[in-house]
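The values are calculated or read from the model by the stated rules, or taken from the named source; none is laboratory data. The model shown is predicted, which means the values in this text are computed figures rather than measured ones. Here the Cβ positions follow ideal geometry from the backbone for every residue, glycine too, while neighbour counts run over all protein chains shown.
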Amino acid sequence: MTASTVKFERKDIGSAIVQFPTGSAMPDPLDVAVDPYAPTKRTQGMKVRGFQAWPQKGGPFPAVIILHERWGLTQHFQEMTFRLAEHGYVALVVNQYSRTGGGVASEAAHADQLMAKVNLPSLMQDLTAAIEYLNYQDYVKKNRIAVLGFDMGAFYALNFAASRRQLRGCIAFYGKVPLDALATLRCPVLYHQAEHDDIVSAREVEALCQKLLAQNVKCEVHKYPGTKHGFFNISRPEDYQAQAAEEAWQRTLTFLDEYILADHAGVRPLPDSQRTF
């Protein structure tokens, strides 16, 4: 299958800064029909913030949850939501720093400080809330959702894919591999690997595929010659590599088209007894 072509012009794409509660279920549409005030009666708590883009013609559409790098939810990731929406996806980039103020860093030391404050169980709860939020929207195909992560976000994407059986696919750009969490991962995985990665070892990536293939889970890895960690991020010119970024993007679209856009029987859901939350 070839990568998808652009289906919508930029003028046909809607966008919004969004926020949604975490830790409690979204109200069912039937609840709202019976009680129009149901959404306002939910337990008030932490809000997850993000940025979303979606096609405004047709639908419903499959969705992609994007998890940003350690630098935070930058313009680079907002632009990515538009690029996915042009190909027929609802794209939501979740601010993984929502619980600590949603900061953006330009220096590595600051980024490391932000990253160190992320709590894994809390973030998994926030990402579950993101799925509930998307499934509540009438322009989203219910549970036709993939997760796409970069750097820090790729590590969390793999963790989330291992704990959420409804996900249709996981795409990871040069993220560390949570080997201990992979036993419960069942959706197809696409991993983009930098050749000269000073953060993620080649041995980690090899172990990822060995473990998933042993579990009869599709694992596709592409290594990009001459690249460093972060080669996809155009806003970091010291790491960006245009040719590799374009190749990785086209492979990402192909993967999404095969496993999320089209009906596919390759996802083997886990029984409830094996879910991690």
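Among the residues of segment 161-180, how many are farther than 22 Å from D112 by Cβ and out of contact with any His (no Cβ under 8 Å at 6 or more places or on another chain)?
11
If you go through segment 211-229 one residue at a time, do you hit one that is touching a helix residue (DSSP H, G or I) at 6+ places or on another chain (Cβ under 6 Å), farther than 20 Å from W249 by Cβ and surrounded by fewer than 23 Cβ atoms within 10 Å (Cβ to Cβ)?
Yes, there is a match, as at least one residue in segment 211-229 is touching a helix residue (DSSP H, G or I) at 6+ places or on another chain (Cβ under 6 Å), farther than 20 Å from W249 by Cβ and surrounded by fewer than 23 Cβ atoms within 10 Å (Cβ to Cβ).
Condition test on K176, is it touching a helix residue (DSSP H, G or I) at 6+ places or on another chain (Cβ under 6 Å), of a type in the set (D, E, K, R) and over 17 Å from L148 (Cα atoms)?
No: the conditions fail for K176.
Determine if segment 96-105 includes at least one residue that is within 13 Å of the chain's Cα centre (by Cα), at pLDDT below 95 and either within 26 Å of H229 (Cβ to Cβ) or among the polar types (S, T, N, Q) (or both). Steps first, please.
At the first step, the residues of segment 96-105 found to be within 13 Å of the chain's Cα centre (by Cα) are 96.
Next cut, at pLDDT below 95 only: 96.
Filter again for either within 26 Å of H229 (Cβ to Cβ) or among the polar types (S, T, N, Q) (or both), leaving 96.
Within segment 96-105, one or more residues are within 13 Å of the chain's Cα centre (by Cα), at pLDDT below 95 and either within 26 Å of H229 (Cβ to Cβ) or among the polar types (S, T, N, Q) (or both).
Please go through segment 134-155 and pick out each residue that is under 14 Å from F61 (Cα atoms) and of a type outside the set (A, V, I, L, M, F, W, C). Show your work before the answer.
Filtering segment 134-155 for residues under 14 Å from F61 (Cα atoms) gives 134-146.
Of everything in segment 134-155, those that are under 14 Å from F61 (Cα atoms) and of a type outside the set (A, V, I, L, M, F, W, C) turn out to be N135, Y136, Q137, D138, Y139, K141, K142, N143, R144.
Evaluate the following for D31: is it within 23 Å of F150 (Cα to Cα), modelled with pLDDT under 90 and not in a loop (DSSP other than H, G, I, E, B)? Before you say what the answer is, go through the steps one by one.
On the way: within 23 Å of F150 (Cα to Cα): no; modelled with pLDDT under 90: yes; not in a loop (DSSP other than H, G, I, E, B): yes.
Considered against the rule, which asks whether it is within 23 Å of F150 (Cα to Cα), modelled with pLDDT under 90 and not in a loop (DSSP other than H, G, I, E, B), D31 comes out as no.
Can you pull out every residue in segment 230-277 that is at pLDDT 90 or above, surrounded by fewer than 14 Cβ atoms within 10 Å (Cβ to Cβ) and not hydrophobic (A, V, I, L, M, F, W, C)?
P237, E238, Q243, E246, Q250
Counting only residues that are crowded, with 17+ Cβ neighbours inside 10 Å, out of contact with any strand residue (DSSP E or B) (no Cβ under 9 Å at 6 or more places or on another chain) and either of a type in the set (D, E, K, R) or on the phi > 0 side of the Ramachandran plot (or both), how many does segment 178-203 have?
Residues meeting the conditions: 1.
Looking at segment 73-131, which of the residues that are farther than 25 Å from W249 by Cα and β-branched (V, I, T) is surrounded by the fewest Cβ atoms within 10 Å (Cβ to Cβ)?
T100
Quick one: how many residues across segment 47-101 are in a loop (DSSP other than H, G, I, E, B), more than 16 Å from I17 (Cβ to Cβ) and out of contact with any Pro (no Cβ under 7 Å at 6 or more places or on another chain)?
Initial filter on segment 47-101 (in a loop (DSSP other than H, G, I, E, B)): 56-60, 68-74, 87-89, 95-97, 101.
Retained after the next criterion (residues that are more than 16 Å from I17 (Cβ to Cβ)): 56-60, 69-71, 87-89.
Checking which are out of contact with any Pro (no Cβ under 7 Å at 6 or more places or on another chain) leaves us with 56-60, 69-71, 87.
The number of residues fulfilling the criteria is 9.
When you check L134 against the structure, is it over 14 Å from the mean Cα position of the chain (by Cα), surrounded by 18 or more Cβ atoms within 10 Å (Cβ to Cβ) and either polar (S, T, N, Q) or under 29 Å from S235 (Cα atoms) (or both), yes or no?
Working: over 14 Å from the mean Cα position of the chain (by Cα): no; surrounded by 18 or more Cβ atoms within 10 Å (Cβ to Cβ): yes; either polar (S, T, N, Q) or under 29 Å from S235 (Cα atoms) (or both): yes.
No: the conditions fail for L134.
Can D180 be described as touching a Pro at 6+ places or on another chain (Cβ under 8 Å) and among the acidic types (D, E)?
Values: touching a Pro at 6+ places or on another chain (Cβ under 8 Å): no; among the acidic types (D, E): yes.
No.
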